[in-house]
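A.B. asks: Before I ask anything, here is the structure I am working with.
The values are calculated or read from the model by the stated rules, or taken from the named source; none is laboratory data. These numbers were taken from a predicted model, which means no experiment stands behind them. Don't worry about glycine lacking a Cβ; one is built from the backbone with ideal geometry, like all the others, and counts go over all protein chains shown. Calculation scope for accessible area: heavy atoms of the full protein, side chains included, ligands and nucleic acids excluded. Shrake-Rupley method; radii C 1.70, N 1.55, O 1.52, S 1.80 Å.
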Amino acid sequence: MDTSVAHGSADATGSLPSPAEIRVQLTRIVSSPEFPRTGRGAAFLTYVVEEALAGRAHRLKGYTIAIEVFKRNEDFTQDDPVVRIEAGRLRRTLERYYLVAGLQDPIRIDIPKGRYAPSFAWNGPASTRPETETVRAHDEQADRSPSRSRRTARVAFLFGAAGFATLAYWAGDHMIEEAKRAGGAKAPDEPTLVIAPFANLGGDHQTQLYTAGLTEELLTALPRFKEIKVFGRETSKSLSPEVGASEIRGELGARYLLAGGVRVSGSKVRVTARLLDTFDGAILWSQNYDDDLTSRELFAIQSDVASKVATTVAQPYGIIAQAQTASAPPDDLGVYRAELSPETHLAARDCLESSVARYPTYATGWAMSSIVYLDEDRFRFNLRPGQLTPLERALRAARRAIKLEPGNARALQSLMIALYFNQELTEALQVGEQALAMNPNDTELLGEFGTRLAICGQWQRGADLLDQALSLNPGGASYYHGARALAAYMLNDHDKAVGLIRKTDLQKFPMFHLVAAAIYAEAGLLDDARREGEIFVKMRPDYISNIIEEHRKRNIKPEDNVRMIASLRKAGLPVPSEKEVEAKLLAPASSPQAPSQ
């Protein structure tokens, strides 16, 4: 058999897609209105398909594609990310094509994540096809002896993340085949991580016990982040501390390796940790952690270091998310959470709906879908007609995520937010506490729960959680800087509020301008306050006339509502009069005739 192109996904009659049929499908794709006319996507796809059909799939490397498709000169290096970025964009385009225009096409062409050689498969209903392996072109993995490695397969990559990242998940062939027999893959690709035992770099038996304990702490802390998959402790224990990245890639198919060592000298302890990309052996991150045994016990240091490493590596805007985003197209959910604009919201919603349509048991996808549905209502982003309101869709999606995976912190986070905006405040905060207890290192959760607590009146605790999130993740979403600025305003720290709001970059997000107007007005910066107020009114002309109710549905306490509206009045916004606001918000609660609550 010619190993350069493996045609293995036969139809019910046992036939396979022929090169002629594949070329017809290629033409159908690149001529479709759903396929972008700009860029070099069509040239990219055509080149890799023709090379595979000609038996040259083994030549489909980043260097070759850069030269042949993108016309780079011969001194091209991997520092130029053009091929990785465009491959990610092409994968996304193909995924969307087959969910819309290509839904009924007879043949499916994909570019599997992690390589450039295409796969070809019949695209009929699963019930009409035999249980056969997806057709795929030969790549650099095909020549490995089965005795030396476990062959791996990957399910389709749908969207990147910097925060809510959904990334490369590697699984054994038997898992993929089981998913196919069940009617499809159960979840999109997620990044997989192997933790090598940390090495004893010099010390006594106690140091050896500490290194083993540190590895165990990491094996406990890292799996709490549901956006990644961590190989279990049995796998970890079977490895040598000196295991190489290429060995992890070849034997286990994992994308990332976390390794390090511990050195104890007298009272001084140094832990070294590093994260490697097994694809090329590059060190993505390294850090030394120094401590003193005279001030803290060894095991307290161990727990603290494990927590810091796990947070840095696996948090939603952490090292792995950044590494994955470098090769992903820009219209992902991480970009949306960082920018909060109608444009990025629409792209994120499209990607998530594609994800859960293809992987209906993917809990994190449903959780993130819940959040973007809710944003249709609270931010008035991309509203669309339908029998269910955005809030109803958000609650349904969040509850489905919880049902699929009760221990998923992201699912709990989405349910907390949906309940919060459904005015079920007590239950919302209970769910938030549960999620926080489950993963106290998740900066996305810390920021979101801190925001909810602050706005419903627990301003100091909310500010503390937001400070914790921002200290662990200074490059996190501007959304949380804005929430922390609002907390500072409510805590009467106006200098800090002004400093924070000036650092917040959310110009396309209407609520940013409303908060900024209140903060500047209270700090006496009336020109800035009026400017921000005018911008807000242009972006949300319907809000001010209904501001009391808008704030109420966000669970802002009556006295805080009165205070914020007063600040907006100073900014020159046409808000209701002080007497009207107090009558609606304060008088009923203080009136002796008012019913008891």
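A.B. asks: Please state the shape class of segment 377-450: rounded when a/c is under 1.5, otherwise prolate if a/b exceeds b/c and oblate if not, all from the C-alpha gyration tensor.
C.D. replies: Prolate, because a/c is 1.5 or more and a/b exceeds b/c.
A.B. asks: Counting every Cα pair in segment 219-258, what percent are over 16 Å apart?
C.D. replies: Values: 270 of 780 pairs.
For segment 219-258, the share of Cα pairs beyond 16 Å comes to 35 percent.
A.B. asks: So what are the ³J(HN,Hα) numbers for segment 84-97, from phi and the Karplus equation (6.51, -1.76, 1.60; θ = phi - 60°), rounded to whole Hz, Gly and Pro as x?
C.D. replies: 4, 5, 5, 5, x, 5, 5, 4, 5, 4, 5, 4, 5, 4
A.B. asks: Can I ask one more? Given a 1.4 Å probe and heavy atoms of the protein chains only, how would you sort Glu550, Glu559, largest accessible area at the top?
C.D. replies: Details: Glu550 15, Glu559 90 Å².
Order by accessible area, largest first: Glu559, Glu550.
A.B. asks: Another question about this same structure. Obtain the nm distance between the two label points defined at Glu297 and Arg502 by a simple spin-label model: each point lies 7 Å from its Cα along the Cα-to-C-beta direction.
C.D. replies: 4.6
A.B. asks: Skipping prolines and chain starts, which residues have an amide H placed within reach, meaning under 5 Å, of the one on Trp285, given they are 5 or more residues away or on another chain?
C.D. replies: Leu275
A.B. asks: Starting from the amide H of Leu239, placed 1.01 Å from N in the peptide plane, find each other amide H under 5 Å away whose residue is 5 or more places distant or on another chain.
C.D. replies: Sorted by chain and number, the residues that satisfy this come to none at all.
A.B. asks: Still on this structure, I have one more. Rank-order 448-455, 224-231, 513-520 by packing density, defined as the average count of other C-beta atoms within 10 Å over each peptide's residues, highest first. Don't skip to the end; give the middle numbers.
C.D. replies: On the way: 448-455: 24.8, 224-231: 23.1, 513-520: 27.1.
Put in order of decreasing packing, that is 513-520, 448-455, 224-231.
A.B. asks: Residue by residue through segment 452-464, what is 3J(HN,Hα) from phi via Karplus (6.51 cos²θ - 1.76 cosθ + 1.60, θ = phi - 60°)? Round to whole Hz and write x for glycine and proline.
C.D. replies: Computed from phi, the couplings for segment 452-464 are 4, 4, 4, 5, 7, x, 8, 5, 5, 5, x, 4, 5 Hz.
A.B. asks: Gain in length, Asn382 to Glu433, computed as 0.36 nm per residue apart minus the alpha-carbon separation, to one decimal in nm? Could you put the intermediate results ahead of the total?
C.D. replies: Details: separation 51, 0.36 × 51 = 18.36 nm, distance 3.09 nm.
The span from Asn382 to Glu433 would gain 15.3 nm if fully extended.
A.B. asks: Under 20 Å from a label point 7 Å along Cα→Cβ of Asn546: give me every residue in segment 418-457 with its amide N that close.
C.D. replies: 418-424
A.B. asks: How large are Rg and Dmax for segment 401-515 when calculated on the C-alpha trace, in angstrom?
C.D. replies: Both quantities, over Cα of segment 401-515: 14.0, 45 Å.
A.B. asks: Compute the separation of the alpha-carbon centres of segment 525-551 and segment 563-587 and state it in Å as a whole number.
C.D. replies: Using only Cα atoms to place each centre, the spacing works out to 12 Å.
A.B. asks: Next up: So with the 1.4 Å probe, I'd like the accessible area per residue for segment 520-584, rounded to whole Å².
C.D. replies: Details: 3260 Å² over 65 residues.
On a per-residue basis, segment 520-584 sits at 50 Å².
A.B. asks: Follow-up question, since we're still on this one. Among 69-75, 575-581, how do they line up from the highest to the lowest mean number of other beta-carbon atoms within 10 Å? The partial results should precede the final answer.
C.D. replies: Numbers: 69-75: 11.4, 575-581: 14.6.
Sorting 69-75, 575-581 by mean packing, highest first, produces 575-581, 69-75.
A.B. asks: Which length gain, in nm to one decimal place, applies between Ala101 and Ala43 when the Cα-Cα distance is subtracted from 0.36 nm times their residue separation?
C.D. replies: Stretched out fully, the Ala101 to Ala43 stretch lengthens by 18.9 nm.
A.B. asks: In addition: Short version: ³J(HN,Hα) in whole Hz for each residue of segment 394-410, in order, from phi by Karplus 6.51 cos²θ - 1.76 cosθ + 1.60 (θ = phi - 60°), x for Gly and Pro, what are they?
C.D. replies: Ordered by residue, 3J(HN,Hα) equals 5, 5, 4, 5, 5, 5, 5, 4, 5, 5, 5, 8, x, x, 7, 4, 5 Hz.
A.B. asks: For segment 400-416 and segment 432-474, what is the centre-to-centre distance using only Cα atoms, to the nearest Å?
C.D. replies: Each part's Cα centre sits 17 Å from the other's.
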